[in-house]
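Data block below; observations after.
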2 protein chains.
Amino acid sequence: MRIDLEAAAPAWRQIADQLRAALVSGQLRPGAQLASVRELALDLGLNHNTVAEAYRQLAAEGFLQLERRTGAVVLERKSPRPPAGEQERFAVRLRTLLAEARAAGVPASALQSALRRAVEELS
Amino acid sequence: MRIDLEAAAPAWRQIADQLRAALVSGQLRPGAQLASVRELALDLGLNHNTVAEAYRQLAAEGFLQLERRTGAVVLERKSPRPPAGEQERFAVRLRTLLAEARAAGVPASALQSALRRAVEELS
DNA sequence: CACGCTGTCTGCATTATACAGACAGGATGC
DNA sequence: GCATCCTGTCTGTATAATGCAGACAGCGTG
């Protein structure tokens, strides 16, 4: 796990994003015990409150259970009904991301293979 | 063009992102004249400085020429050599975006078809 | 019953954002 | 000639977000 303090996205969101990816992909299964906010903060070179903010975000999404003595535990979570327009918002963000990559000079062929790989990983 | 002031991304970045998508896709061709910062700001319900910040961002990327009297004009721009690791950064952001969409409840099949559509649009 | 470990809360310094308004320069109209 | 208008730019400011330091609260353990 890697955090870039210079990035536009705040550190707590980067932490939440990377943990969410691990949760959705099944690398973190229900019942798993996460590192304490201070442990992970020390590991990342951040303040414990920054990690706590990320944990609270994932708890609000239903992924984690936070308790005083127990720490952060992965919950069972059924996929929610997608809010209206969620699919369209994804399409817009995907187009934006592709435009940024093409503007940075990444060839279209490389983007296509990355997209095809993503399609396969979703199966 | 639509701006959401409540979104996490700042307004000037949303403007730049949407204009960049239009530039990369060829909807805005070299020589085209953009709306003045005040015109577009009025159209979006924002301050002219917010639009100017977006224009400066695109100018720094080589897309626009900004001049006092002339306004904002689309430049010819050869795609730069992609910085090292740019392709990998794209892959990471794509995975993050997909994880977020799946967490929001968008079914994998919908994501796959959106990805396939994006592959075709890149040809 | 003191200690240690957990997440939570309050307060603070810094930075980013969006805005209001003044400025600069060059074309246009009288 | 010269006022006027339209362009992007610059300065200053109020507000919110961010990351951090440190204190607090609950609960198991020795």
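If you check A:R20, A:R81 for being of a type in the set (D, E, K, R), open to solvent by less than 50 Å² (accessible area, probe 1.4 Å) and closer than 30 Å to B:R13 by Cα, only one passes: A:R20.
Identification of helices (runs of 4 or more DSSP H) wholly contained in segment B:1-94 with 1 or more residues that are within 14 Å of chain A (Cβ to nearest Cβ) and within 21 Å of A:A101 (Cβ to Cβ) yields B:11-25, B:48-60.
Among the conditions (1) away from DNA strand D (no atom under 15 Å from the Cβ); (2) surrounded by 13 or more Cβ atoms within 10 Å (Cβ to Cβ); (3) not assigned by TED's automatic domain parsing to the domain that holds B:R116, B:A91 misses just one, which is (3).
Quick check on my filter: what residues within segment A:95-123 are polar (S, T, N, Q) and facing chain B (nearest Cβ under 8 Å)? If the condition is that a residue be polar (S, T, N, Q) and facing chain B (nearest Cβ under 8 Å), then A:T96, A:Q112, A:S123 are the ones that fit. A search for C-beta distances below 9 Å between a residue of segment B:49-64 that is closer than 9 Å to B:V37 by Cβ and outside the structural domain of B:A32 (by TED's automatic domain parsing) and any residue that is open to solvent by 30 Å² or more (accessible area, probe 1.4 Å) and more than 10 Å from DNA strand D (Cβ to nearest atom), counting only pairs 6+ apart in sequence or on different chains, returns nothing. Would you confirm whether or not segment A:58-76 contains a residue that is open to solvent by less than 60 Å² (accessible area, probe 1.4 Å) and over 19 Å from the mean Cα position of the chain (by Cα)? Within segment A:58-76 (the criterion being open to solvent by less than 60 Å² (accessible area, probe 1.4 Å) and over 19 Å from the mean Cα position of the chain (by Cα)), the answer is yes, since at least one residue qualifies.
The values are calculated or read from the model by the stated rules, or taken from the named source; none is laboratory data. Since we're looking at a predicted model, the values are computed, not measured. Don't worry about glycine lacking a Cβ; one is built from the backbone with ideal geometry, like all the others, and counts go over all protein chains shown. All accessible areas refer to the heavy atoms of the entire protein, side chains included, with ligands and DNA or RNA removed. Shrake-Rupley method; radii C 1.70, N 1.55, O 1.52, S 1.80 Å.
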